[in-house]
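Contents: one structure, followed by commentary.
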């Protein structure tokens with residue numbers, strides 16, 4: 001058999017894939033979404049897919065096997081920062097996890113990776129490839145030494161989050177808390193440099209990761225995300241409001257830029273009617289809740305909380321325009337999801353958002369409430385512009401952002417690593 005024929009045969013072979021997620025619940029943000037939809041798309045291509053995850057566990061489609069790797073689950077709101085079973089402290093890994101928490105750090109990625117390494121050493125599962133989802137912890141290096149090819153996805157460098165939160169911190173104590181919390185970044189840098197290849201989700205993330213983590217460009221592969229059109233699609237029979245904004249926030253953090261949108265809404269409210277629906281939950285009595293009170297816009301801002309996936313399409317169908325005010329996004333899933341619903345989009349130029357929206361939406365500078373206000377009024381005052389941009393966004397998603405394409409390009413990276421390792 002010739003070299004090309006052998007390569008073609010390998011490319012048609014099914015792989016036994018292991019996806020890793022130290023926490024995978026979709027309501028925790030983009031990482032849980034990534035695990036669910038990538039695993040399903042890989043399965044649809046004919047591969048065998050297992051997910052090994054820590055709590056809160058991901059929601060997976062039928063056919064994808066979930067292996068639960070229990071930990072202390074210290075961020076569970078039902079027992080926040082507490083250990084329900086004191087006997088768990090008999091485990092050295094659990095002691096380490098709790099100790100890092102007590103020092104103000106974020107211990108989940110490291111603790112999960114150490115449990116994972118212990119599991120692989122004991123069981124020796126027959127995986128062809130191990131794919132980490134932004135954990136980037138020391139246990140991965142141990143798994144690699146056991147002979148498993150390892151690749152990792154970095155959605156964006158967490159150094160961006162640290163920088164934004166440090167700037168938002170008002171006291172030296174708050175700044176110290178931010179520094180302690182993000183102390184795991186040093187580990188992520190060291191581990192990522194020792195992996196053969198890194199997958200990221202946009203050209204902007206690729207450049208920022210290369211600069212922040214000092215990873216050579218030749219080790220980075222860009223694989224854009226897909227949009228799940230099973231949940232995000234137009235509902236033409238639903239009447240669209242003429243003054244309704246919508247924003248989806250997976251986390252109440254300064255990085256998401258919601259405060260600038262609230263200021264824009266408050267300003268518009270003085271001139272004409274406008275309403276804002278926020279999909280997500282702000283922290284009780286936190287900075288966002290306080291700002292809404294301060295701006296006196298309680299009557300026109302509705303926090304819908306966490307909603308079911310099945311309800312997203314109707315929420316978007318009722319909205320005039322979707323706004324993504326983030327200061328930075330490694331990809332910008334909310335923008336793509338709104339576009340898939342046929343809703344016109346306003347986003348900032350933070351991170352990779354312009355790559356997602358292209359010329360099918362309006363892009364404004366990050367942290368610019370005046371620019372947000374101007375863009376919102378552009379749509380509120382023109383139903384024709386809403387229709388035109390909504391159609392353009394929907395077509396862009398259909399042509400550029402599908403999970404099947406994401407899965408195929410991810411498998412190409414797997415096979416590149418396997419060829420380099422002389423396997424398959």
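Every read-out reported here was derived from the displayed coordinates using simple, explicitly stated rules and does not represent laboratory data. On a predicted model such as this, the values are computed, not experimentally measured, just so you know. Glycine gets a Cβ as well: all are built from the backbone with ideal geometry, and neighbour counts include every protein chain shown.
Quick notes on this one:
- When only Cα pairs below 8 angstrom with a gap of at least 6 residues are kept, region 244-400 shows a relative contact order of 24 percent.
- Counting beta carbons within 10 Å around each of 204, 387, 287 and listing the fewest first gives the order 387, 287, 204.
- When peptides 255-261, 121-127 are sorted by average Cβ neighbour count within 10 Å, with the highest value leading, the order is 255-261, 121-127.
- Summarising the strand pairing of the chain, around 0 percent of its internal DSSP beta bridges are antiparallel.
- Look at 95, 356 and count the other Cβ atoms within 10 Å of each Cβ; fewest to most, that gives 95, 356.
- Region 92-208, relative contact order in percent, only Cα pairs under 8 angstrom and at least six apart counted: 29 percent
- Among 304, 313, 335, residue whose mean-square fluctuation peaks in a GNM of the chain (springs only between Cα atoms under 10 Å): 304
- Antiparallel DSSP beta bridges within region 244-400, as percent of all bridges there, nearest 5: 5 percent
- Look at where the Cα atoms of region 191-246 and of region 37-59 average out, and the two centres are 18 Å apart.
- Alpha-carbon centroids, region 302-339 and region 347-380: separation in whole Å: 14 Å
- Take each peptide in 359-366, 83-90, count the other Cβ atoms within 10 Å of every residue, and average; sorted highest first, the result is 359-366, 83-90.
- Centre separation in Å (Cα based) which lies between region 99-124 and region 250-290: 36 Å
- Expected 222 nm ellipticity per residue - DSSP helices of 4 or more, -39500 (n - 2.57), all of the chain, to 500: -13500 deg cm²/dmol
- Whole-number percent relative contact order across the chain, with pairs defined as alpha carbons under 8 Å at least 6 apart: 14 percent
- Judged by the gyration tensor of its Cα atoms, with axes a ≥ b ≥ c, region 244-400 is rounded; a/c sits under the 1.5 cut.
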